[in-house]
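This is the structure I have questions about; it appears just below.
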Amino acid sequence: MKELKEIINFWLVVIISTIALIGFVIEGLKINKLITYFEKQHFETSKIIANNLQATLLFESVEDFNSLTNTFDFKNDYISIEVWDSSGKLFASKGKPILDKLKESTKVKLEYSYIITQTSIDSSGKNFGKVVIKRSSSELSATIKNELLFSFSTLICISIFFMFAGRKLSEEVVVPINGLNEQIKEILKSHDLSVKIPQEHRILETKELSDSFTELIRDLLDSKRELEEMNLNLEELVENKTEKLSSTLKDMKRFQAKLVSQEKLASLGSLAAGIAHEIKNPLNLIQNSALIVSNFTQDVESFNLKLKERDYTDNDLEFFIDDINDVKMSSRIIMDNCKRADNIIKSMLSQSRSDKSKISQKLIESLIDQSVNLCFHAMRAKKNPIDVEIIKNYQENIVINCYPDDLERSLINIIDNSFYAMQERKQIEKGTKFSAILEVSLTKNESFTVIKIKDNGIGIDQKLKEKVLEPFFTTKPTGSGTGLGMSMVNDVAIAHNGELIVNSIVNDFTEVSITISNKLSQEDV
Amino acid sequence: MTLPINIAVVDDEKDFHLLFKMTFKKMIRTGDIFVNDFLNGIELLDFLELKHDEIKIIILFTDINMPEMDGISLCKVVSERYPDIEIYIASAYGSRQYMDEAKDAGAKNFFTKPIDFKVIGEIIQDKVAEVRKKAS
C-alpha cells in the first residue's frame, strides 16, 4: 500500500523528468545550432582570409601578411594565425604558436576556449599552402553557459512549482480523508456513535464521502437506539416470565407438598377403612349370634310355661335341647369373633411402626440369624411343621446403622411368609421329592446393604405380585393373616432409605430383597 | 313346586353357615325350607351339575369376596345355566359399581354387609308363601 504522497511524488518525478528531457533535447538542439553557426561563421571568415592570403603566399610577402593581420583583434578575438606553405613549412605566424596537431582533413576544431580553422590557400586550382587560425570561443561558451543556466533554472522552477502543486493537491485530498479516519477511529475507541470531528471540505468528493459517512453513523445510531429499546423490552419480558415461572414453581412445590400429605392421609384413610372392613365381619357374626341367644330367652319362657303345665311333647324337648346347643354354638361364635377382632387390632398395632423407633448400630448377620431361628422354631411348633434346609451366605462384619426392632420384625414377617409358602407347597406336592430350602444372603456394596431371603415355596402369581405390598392384601384364608405384613416391611425398607423388591415364579421360588442404606443417620429421621 | 324350598348359601366362612341355619331354624324345622351350604362357588356349581334335577334350588345367597371364585362370576354362570334360581348377592363393599355389576350379572338384589337377617327372612317367607299358594 502506498501513500498518496508517494504516488503524487512518483508522478511528479515522471512529469518533471519528461519536461527535463524535452528541455534538454530542445536546448541540445539549440546549442548545436549555435555551435554549427559559430563554426560556419569562423570557417567562412577563414576562407576569406585564405583568399586574401593568396597573393601574400604567392609573392611570399611577409609585410603583406603583417599588414593584413594588423587589423585583427588579438586581444579579445584572435589568438594566432599561422600560414604554412605547401611543403609544410611555416611561412608566417602571428600570436601564440598553435600546439594542436590537426589532421589534413580537419577544417574546424572547436574547443572550450578557442576554435581552430584550417583552410587551404588555393589559386587557379593550385594549392599553395594553408592558413591555420586560432580564435577565442569564449563568447560562444558564455552564450551556451547562459542558455544552460536559463533552462536549468526554468526546470528547477517548474519542479518546485509542481512539487508545491502536488503537495497542495495531496493535502486537499489527504487532510479531509485523515480527518474522517480519525473520527472513525475515535468512534471505534469510545464506542460512542455521536463523536464528531469538525472538518473543512473543499473537495466535492471528500465532502460527499464525509456526508455519506455521517448519514451512515446517524443510521447506525438510530438502529442502536432501536436495539436498546427492544433489549429493554426483552429484559422486561424476561423479568416478567421469570417472575411468573418462579411463582409457578412455588405453586408447584406447594402442590407437591399437598399431594404428598394427601397421599399420606389417603393411605392412613385406606388403612382405617381396611381396619373397619376387617372388623365388620367378626362384629356381624357376633351381632347375629347374640340375636340368636336373645331370641332363645323368649323360647325359654314359652318352654318354661309348657314345663309348668306339663304340656310338652317329646318333639318340644328335642327342639329345646337342640336350641340350647345352638346357644352354645352362638356363644362360641361370639367368643371366637371377639378374639378375632382383638387379634386384628393387635396385629395392626404391632405391625404399624411406632414413632419411637430408634437408630442404633448393629451387626446385621446376628439380626438375621435371630429372625431365622425365631421363625423356624415357631413354624415347628405350629400346624404342619416341615423340614427346611437353611443356607446362609453372609458377607462378614457388616455393621451399620438401622432400626433394629423394625428390621427384625420385617425379617420375621418375610421368613414367616417363606415358611408358609413352603408348607403350602409341601401340602400340594405331598409324596414328591420336594424339600424345602431357605437361602438367606447378606451383601454390602458402597452405598447399600442387601438382605435376600429366597424360598422354594408356591410362589406368587405375576398378576398378584403388584398387590403384595398393598395393605390388607393376602392370599391366606380368612383369619390366618391380616395382609398387613408386607406393606409394613415396605414401610420399614423406605424408612431405611432403601427399598423392597419381590421376585417370584409360581411353584418355583420367591425371593424378597430388602435393601437398606449404609449411611442411615439420626438426621434422616 | 313343593315345599321345602331349597336354598343355597355360598360363603367362605363356616360360622356364617351355622348362623344362617340357626337363625332360620324354625322354618327348617317346619319343613318350609332346606338350606344347602357351600364354602365356595365351585362346590355349588359341582352340586348343581349333579343334583339340579333332584333338588331345585330356588334362592341363592352369596358373598362377593371369596377365594377360588368370586360372587359376581358365580352369579353370571348360575343365571346363565340355571335361570330359575333367584340370586341375592351380599358384600361388605356397598359401591354403586358393585351393585350395577351384580344386577348385570343376573342378581335379583344386592345387600351390603352386615347382613340384616330380617330382610333375608322376609324374602324366604315370601317365597314360601308363593310356593304354598301355587301348590293349592
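Would you list A:Ile116, A:Ile8 from fewest to most Cβ contacts within 10 Å?
Details: A:Ile116 23, A:Ile8 20.
Ascending Cβ contact count within 10 Å gives the list A:Ile8, A:Ile116.
Further question on the same structure: Based on Cα coordinates alone, diagonalise the gyration tensor for the stretch A:115-185, multiply each eigenvalue by 5, take square roots, and list the semi-axes in whole Å, largest first. Don't jump to the answer; show the numbers that get you there.
On the way: eigenvalues 874, 24, 9 Å².
Whole-Å semi-axes of the equivalent ellipsoid: 66, 11, 7.
With a point put 7 Å past each Cα toward its Cβ, work out how far B:Phe47 is from A:Phe10 in nm, to one decimal.
A separation of 12.5 nm, rounded to one decimal place.
If you don't mind, another one. What trypsin sites (Lys or Arg not before Pro) in the stretch A:32-141 are in a loop by DSSP, with at most 12 other Cβ atoms within 10 Å of the Cβ?
Sites meeting the loop and neighbour criteria: A:Lys75, A:Lys89, A:Lys101, A:Lys103.
Please average, across the residues of A:139-149, the number of beta carbons from any other chain that are within 10 Å of each residue's own beta carbon, and give a whole number. Can you show the working numbers first?
Working: counts 0, 0, 0, 0, 0, 0, 0, 0, 0, 0, 0.
Per residue, the average neighbour count from other chains is 0.
Please turn the phi angles of the stretch B:14-19 into ³J(HN,Hα) values with the Karplus equation 6.51 cos²θ - 1.76 cosθ + 1.60 (θ = phi - 60°), one per residue in order, whole Hz, x for glycine and proline.
4, 4, 4, 4, 4, 4
Using the beta-carbon distance between A:Asp73 and A:Thr106 and R0 = 30 Å, what value does 1/(1 + (r/R0)^6) give for FRET efficiency, to the nearest 0.05? Working shown, then result.
Details: r = 25 Å, r/R0 = 0.82.
The value I calculate is 0.75.
So which lysines can A:Lys96 reach, going by Cα to Cα under 20 Å and dropping same-chain residues fewer than 8 places off?
Counting by Cα, and skipping residues close in sequence, A:Lys96 has these lysines nearby: A:Lys75, A:Lys107, A:Lys109, A:Lys130, A:Lys134.
Which of the GluC sites (Glu not before Pro) across the stretch B:14-86 are loop residues per DSSP, with 14 or fewer other Cβ within 10 Å?
Working: sites: B:Glu43, B:Glu49, B:Glu54, B:Glu68, B:Glu80, B:Glu86; in loops: B:Glu54, B:Glu68.
Taking the stretch B:14-86 and a limit of 14 other Cβ atoms within 10 Å, the loop GluC sites (Glu not before Pro) found are B:Glu54, B:Glu68.
State the dimensionless ratio Rg/Rh of the stretch A:4-161 (Rg: radius of gyration of Cα atoms; Rh: Kirkwood radius).
1.22
Over the alpha carbons of the stretch A:356-524, what is the largest minus smallest coordinate on each principal axis, giving the biggest first in Å?
52, 32, 27
Determine the dipole magnitude for chain A: charges of +1 sit on the beta-carbon of Lys and Arg, -1 on that of Asp and Glu, nothing else is charged, the reference point is the Cα centre, and the result goes in debye to the nearest 20.
Details: 66 positive and 76 negative charges, 411 e Å.
About 1980 debye.
Would you please state which residues of the stretch A:129-150 a label at A:Ser87 would reach in this model, taking the label point 7 Å out along Cα→Cβ and a backbone N cut-off of under 20 Å?
Once the point is set 7 Å along Cα→Cβ of A:Ser87, A:129-132 turn out to lie under 20 Å by backbone N, inside the stretch A:129-150.
Which whole-number percentage describes the relative contact order of the stretch A:4-161, with Cα contacts under 8 Å and a sequence gap of 6 or more?
Working: 180 pairs, mean separation 40.7, N = 158.
Worked out over the stretch A:4-161, it gives 26 percent.
In addition: First measure r as the distance between the Cβ atoms of B:Lys118 and A:Asp461, then evaluate 1/(1 + (r/R0)^6) with R0 = 56 Å and state the FRET efficiency to the nearest 0.05.
Working: r = 40 Å, r/R0 = 0.72.
Using R0 = 56 Å, I get an efficiency of 0.90.
Average the reciprocal distances over every distinct pair of alpha-carbons in chain B, invert the result, and give the Kirkwood radius in Å.
Numbers: mean 1/r = 0.0667 Å⁻¹.
Roughly 15.0 Å, rounded to one decimal.
List the lysines whose alpha-carbon lies under 25 Å from that of A:Lys519, not counting same-chain residues fewer than 8 positions away?
Those lysines meeting the cut-off are A:Lys356, A:Lys358, A:Lys362, A:Lys392, A:Lys444, A:Lys452.
Also, quick follow-up: Give me a comma-separated list of calculated 3J(HN,Hα) values for the stretch B:80-91, in order, Karplus coefficients 6.51, -1.76, 1.60 applied at θ = phi - 60°, integers in Hz, x for any Gly or Pro.
For the stretch B:80-91, the Karplus curve yields 6, 7, 10, x, 7, 7, 7, 10, 10, 10, 10, 7 Hz.
Related question: How many times 2.2 N^0.38 Å is the alpha carbon radius of gyration of the protein assembly as shown?
Dividing the Cα Rg of the protein assembly as shown by 2.2 N^0.38 Å gives 2.78.
Right, something else. Using every Cα-Cα pair within the stretch A:395-470, state what percent have a distance larger than 17 Å. Spell out each step's value before the answer.
Numbers: 1673 of 2850 pairs.
Pairs farther apart than 17 Å: 59 percent.
Mind giving me the FRET efficiency for A:Val450 and A:Lys253? R0 is 41 Å, r the Cβ-Cβ distance, nearest 0.05 is fine. Could you put the intermediate results ahead of the total?
Numbers: r = 33 Å, r/R0 = 0.81.
It comes to 0.80.
On a full-extension model of 0.36 nm per residue, what is the gain between A:Asp405 and A:Thr45, subtracting their alpha-carbon distance, rounded to one decimal in nm? Don't jump to the answer; show the numbers that get you there.
Numbers: separation 360, 0.36 × 360 = 129.60 nm, distance 15.72 nm.
Here the segment from A:Asp405 to A:Thr45 would lengthen by 113.9 nm.
Over chain A, what relative contact order in percent results from Cα pairs under 8 Å that are six or more residues apart? Don't skip to the answer; put the middle values down first.
Working: 578 pairs, mean separation 45.1, N = 525.
For chain A, the relative contact order is 9 percent.
Run the numbers on the stretch A:350-474 and let me know its relative contact order in percent, using alpha-carbon pairs under 8 Å that are six or more apart.
Numbers: 152 pairs, mean separation 34.2, N = 125.
Computed over the stretch A:350-474, the figure is 27 percent.
Quick check: pseudo-label points 7 Å beyond the Cα along Cα→Cβ at A:Gln395 and A:Lys476, how many nm apart are they?
Rounded to a tenth, the inter-label distance reads 3.2 nm.
So, in Å, what gap is there between the alpha-carbon centers of the stretch A:373-398 and the stretch A:197-258?
One Cα centre to the other: 78 Å.
Which ³J(HN,Hα) values in Hz, rounded to whole numbers, follow from the phi angles of the stretch A:428-439 under the Karplus curve 6.51 cos²θ - 1.76 cosθ + 1.60, where θ = phi - 60° and Gly and Pro get x?
Result, rounded to whole Hz: 5, 9, 4, x, 7, 7, 5, 10, 6, 10, 10, 10.
Further, regarding this structure: What are the aspartates and glutamates whose alpha-carbon lies under 17 Å from the alpha-carbon of A:Lys126, with same-chain residues fewer than 8 places away excluded?
Correct list for A:Lys126: A:Glu60, A:Asp85, A:Glu104.
Using modelled backbone amide H atoms (1.01 Å from N, in-plane), which distant-in-sequence or interchain residues come within less than 5 Å of A:Phe128's amide H?
Under 5 Å from the amide H of A:Phe128 lie the amide H atoms of A:Ile121, A:Asp122, A:Ser123, each far enough along the sequence or on another chain.
A short reminder: the numbers here are calculations on the coordinates, not readings from a lab. Computed from a predicted structure; not experimentally measured. Counting neighbours? That spans all protein chains shown, and the Cβs are built from the backbone with ideal geometry, glycine included.
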